[in-house]
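Here the structure comes first, spelled out in structure tokens, and everything after it is commentary.
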Amino acid sequence: FPILKYSVICRLKNLKTAFEDKYGESPLFYTCAPGRVNLIGEHIDYCGYSVLPMAIEQNILAAVSVNNSGMIQLANINPQYKDYKVSCSEDIAINKDDPKWYYYFLCGVKGIQEKFGIPRLAGMSCVVDGSIPPSSGLSSSSALVCCAGLLTMEANQKSLSKVALAEICAKCERYIGTEGGGMDQSISFLAEKGTAKLIEFHPLRATDVKLPEGAVFVISNCCKEMNKAASSHYNIRVVECRIATKMLAHHRGLDPSKVSKLSQVQTELNASLEEMLAMVEEVFHPEPYTREEICKLLSITSEKFSTEVLSANTQQETHFKLYQRSKHVYGEAARVMSFKSVCDSEPVDAIRLLGDLMNQSHVSCRDLYECSCPELDQLVDICLKSGAVGSRLTGAGWGGCAVSMVPSKKVESFLKAVRDAYYTPDPRRAAMEKQSLFVSKPAGGAALFLED
């Protein structure tokens with residue numbers, strides 16, 4: 001294998017052995033795709049705004065052979081994830097109502113098949129191994145989609161840029177029912193070791209962001225799982241932002257049917273984020289809006305609202321918090337740009353300033369976007385009391401992980417304090433602590449490699 005961390009080489013060797021035991025042959029090649037932690041910019045990528053993540057060392061690995069079997073065979077190192085196979089001549093069906101691990105994999109396969117119009121895919125045998133805690137907000141599902149997209153491209157002798165792969169994988173993950181904005185797939189492909197990235201959309205591009213010396217980022221899992229494809233919380237927020245977009249457009253004389261993202265309203269009006277926040281205060285009332293009120297204000301029928309605004313798994317929703325959601329998005333978009341500005345200018349008090357922005361982000365996620373949970377709030381509070389200068393939920397929320405910025409000199413005492421206060425008192429958390437509390441450095445992006 002190429003020069004890799006010892007722990008990754010050990011996993012690859014185990015993966016090779018499992019592959020040989022399963023299929024009676026050696027893998028032809030291997031792919032990997034990392035998870036990510038979003039340092040700031042939560043729930044704004046699908047509104048068209050820039051985000052600031054970094055890839056983490058935890059990743060999805062896959063061993064692959066290509067054959068003429070006419071089948072795609074999938075297996076997982078973890079025995080709790082069942083084997084699956086599908087014929088290469090069948091239309092790949094993905095069950096949105098039952099988001100099993102192999103359906104995420106098949107999203108990536110289907111994305112490449114549709115991109116190139118491949119009538120019959122190459123036969124493949126695959127074994128997958130993951131070190132990203134599932135449903136933790138560290139993007140294990142998107143890493144699996146990206147890993148599958150990359151290996152399907154290679155197995156079918158196609159070629160794409162990293163940017164194109166990221167865009168395809170962002171689009172095809174929607175087959176599982178998640179209306180994401182593309183951050184997770186973008187950082188998984190475009191990440192580079194040693195640097196965070198500002199990810200911008202339309203067009204997709206990534207810019208290095210040098211993180212300040214003297215502090216590290218610590219990830220801590222609250223141990224409450226949240227699968228965003230299995231619940232409607234996430235997609236309800238996407239829909240609320242879409243409605244807020246159309247309401248703001250209508251208020252300012254724009255055609256609501258021409259815009260679907262809050263960033264588009266700002267662009268059309270050539271307004272600043274501060275002006276958009278003032279507009280939110282002017283246009284929306286804090287009380288939830290009913291379907292009837294929205295339809296009346298937009299002059300559309302209830303049927304049109306259901307078919308053109310709501311998504312498949314939000315049809316039952318009756319009330320929408322437009323003020324709170326749009327205020328979070330515009331405020332969070334401004335915090336992302338402030339975070340990058342501090343990193344670029346390197347002021348003396350950079351660590352404190354970045355910590356303040358992270359803390360403001362968590363408060364906004366908790367109070368305006370309502371995507372936190374009691375366990376995450378407790379964990380963030382403990383992290384701050386244990387020496388973090390900033391701490392916030394990361395990922396979709398409603399469970400999963402917090403990310404904390406900790407002065408380098410305080411890391412050991414911080415880890416001990418969080419361990420003692422959050423993990424040790426609870427037997428279930430204590431059992432998960434080793435994979436739930438760790439320092440993370442910016443890792444590299446998705447890769448494909450052969451054995452030497």
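The values are calculated or read from the model by the stated rules, or taken from the named source; none is laboratory data. Model, not experiment: these values are computed from the prediction. Methodologically, a virtual Cβ is constructed for each residue, glycine included, from the backbone with ideal geometry; neighbour enumeration extends over all protein chains shown. Side chains are part of the model used for accessible areas, which takes the heavy atoms of the whole protein and leaves out ligands, DNA and RNA. Shrake-Rupley method; radii C 1.70, N 1.55, O 1.52, S 1.80 Å.
Once you have the Kirkwood Rh of region 296-340 from its Cα pairs, apply Stokes-Einstein at 20 °C and 1.002 mPa s and quote D in µm²/s. Spell out each step's value before the answer.
Numbers: Rh = 12.9 Å.
So the translational diffusion coefficient is about 166 µm²/s.
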Problem - Placed amide H near residue 124: partners under 5 Å, 5+ positions off or other chain - result: 67, 71, 72, 73
Completion exercise
Counting only residues 5 or more apart in sequence or on a different chain, those whose built amide H sits under 5 Å from that of residue 216 are 406, 408
Completion exercise
Extension length gain for residue 69 and residue 370 (0.36 nm per residue less Cα distance), in nm, is 103.5 nm
Completion exercise
For residue 428 and residue 193, extending 7 Å from Cα along the Cα-Cβ vector and measuring point to point gives, in nm, a value of 3.8
Exercise for the section: At a temperature of 10 °C and a viscosity of 1.306 mPa s, determine how fast region 319-392 diffuses translationally according to Stokes-Einstein, using the Kirkwood radius over alpha-carbon pairs as Rh; express D in µm²/s, rounded to the nearest whole number. Expected result: 121
Fill in the blank from the handout: Given unit charges at Cβ for Lys, Arg (+) and Asp, Glu (-), the dipole magnitude of the chain about its Cα centre in debye, nearest 20, is 580
Handout entry: ³J(HN,Hα), Karplus 6.51/-1.76/1.60, whole Hz, each residue of region 260-276, x for Gly, Pro
Key = 9, 10, 4, 5, 5, 5, 4, 5, 4, 8, 6, 9, 7, 5, 5, 5, 5
Practice task
Express the carbon and sulfur contribution to the solvent-accessible surface of region 384-426 as a percent, rounded to the nearest whole number, probe 1.4 angstrom.
Solution key: 56
Fill in the blank from the handout: Quick note, region 245-292: a/c under 1.5 would make it rounded; otherwise a/b > b/c is prolate and the rest oblate (a ≥ b ≥ c, C-alpha gyration tensor); here it is oblate
Practice task
Please report, as a whole percent, how much of the solvent-accessible surface of region 36-131 comes from carbon and sulfur atoms (probe radius 1.4 Å).
Solution key: 44
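Any idea what the dipole of region 315-433 comes to, in debye rounded to 20, about its Cα centre with Lys/Arg Cβ at +1 and Asp/Glu Cβ at -1? All intermediate terms of the calculation are to be shown ahead of the outcome.
Details: 15 positive and 15 negative charges, 12 e Å.
The calculation lands at about 60 debye.
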Exercise for the section: Take region 1-159, drop everything but the C-alpha atoms, weight them equally and run the Debye formula without solvent; then report log10 I(q)/I(0) at 0.09, 0.10, 0.11 Å⁻¹ to two decimals. Expected result: -0.30, -0.37, -0.45
Problem - Nearest-10 value in Å² for the accessible area of residue 251, using the 1.4 Å probe - result: 90
Handout entry: Karplus-derived 3J(HN,Hα), 6.51/-1.76/1.60, for each residue of region 51-62, Hz, glycine and proline x
Key = 10, 9, x, 9, 6, 10, 6, 5, 8, 9, 10, 9
Exercise for the section: Filter the GluC sites (Glu not before Pro) in region 348-452 to those in DSSP coil with at most 14 other Cβ atoms within 10 Å of their Cβ, and list the result. Expected result: 451
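Solvent-accessible area per residue for region 213-344 at a 1.4 Å probe radius, Å²? Provide the component values of the computation, followed by the final result.
Numbers: 5800 Å² over 132 residues.
Ligands and nucleic acids excluded, the result is 44 Å² per residue.
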Exercise for the section: Could you please tell me the mean projected area of the C-alpha convex hull for region 397-452, averaged over all directions and given in square nanometres to one decimal? Expected result: 6.7
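How much mean residue ellipticity at 222 nm does the chain get from its helices, if each DSSP H run of length 4 or more adds -39500 (n - 2.57) and you divide by all residues, to the nearest 500 deg cm²/dmol? Let's see the in-between values first.
Details: 15 runs with 194 residues, N = 452.
Using -39500 (n - 2.57) per qualifying helix, the result is -13500 deg cm²/dmol.
Among 69, 50, what's the order by accessible area (1.4 angstrom probe), most exposed first? All intermediate terms of the calculation are to be shown ahead of the outcome.
Working: 69 65, 50 25 Å².
Ranked from most to least accessible, the order is 69, 50.
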Practice task
Report in % the part of the accessible area of region 181-338 that belongs to carbon and sulfur, leaving out ligands and nucleic acids; probe 1.4 Å.
Solution key: 50
Exercise for the section: Could you list which residues have their amide H under 5 Å from that of residue 191, counting only those 5 or more apart in sequence or on another chain, with H placed in the peptide plane? Expected result: 445, 446
Problem - Column: log10 I(q)/I(0), Debye, Cα scatterers of region 245-401, q = 0.09, 0.11, 0.20 Å⁻¹ - result: -0.37, -0.55, -1.29
Fill in the blank from the handout: Expressed in angstrom and ordered largest first, the alpha-carbon extents of region 212-308 along the principal axes are 52, 34, 25
Fill in the blank from the handout: Convex hull around the C-alpha positions of region 40-106: the volume in Å³ per residue is 174
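For region 385-449, report the accessible area per residue in Å² (1.4 Å probe, heavy atoms, rounded to an integer). Could you put the intermediate results ahead of the total?
Values: 2740 Å² over 65 residues.
On a per-residue basis, region 385-449 sits at 42 Å².
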Problem - For region 150-252, size of Cβ-based charge dipole, Lys and Arg +1, Asp and Glu -1, in debye - result: 320
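How high is the relative contact order of the chain, given as a whole-number percent (alpha carbon pairs under 8 Å, six or more residues apart)? Could you put the intermediate results ahead of the total?
Numbers: 908 pairs, mean separation 103.9, N = 452.
It rounds to 23 percent for the chain.
Please say if region 72-116 is rounded, prolate or oblate, where rounded means a/c under 1.5 for a ≥ b ≥ c the square roots of the C-alpha gyration tensor eigenvalues, and otherwise the choice is prolate for a/b larger than b/c and oblate otherwise?
Numbers: a/c = 1.98, a/b = 1.58, b/c = 1.25.
Prolate, because a/c is 1.5 or more and a/b exceeds b/c.
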Practice task
Please report, to one decimal in angstroms, the Kirkwood hydrodynamic radius of the chain built from all distinct Cα-Cα pairs.
Solution key: 22.7
Practice task
For residue 321, go through the lysines and keep the ones whose alpha-carbon is under 30 Å away, minus same-chain ones fewer than eight residues off.
Solution key: 96, 171, 224, 228, 246, 258, 261, 296, 304, 340
Exercise for the section: Express in % the proportion of alpha carbon pairs of region 336-452 at distances exceeding 26 Å. Expected result: 27
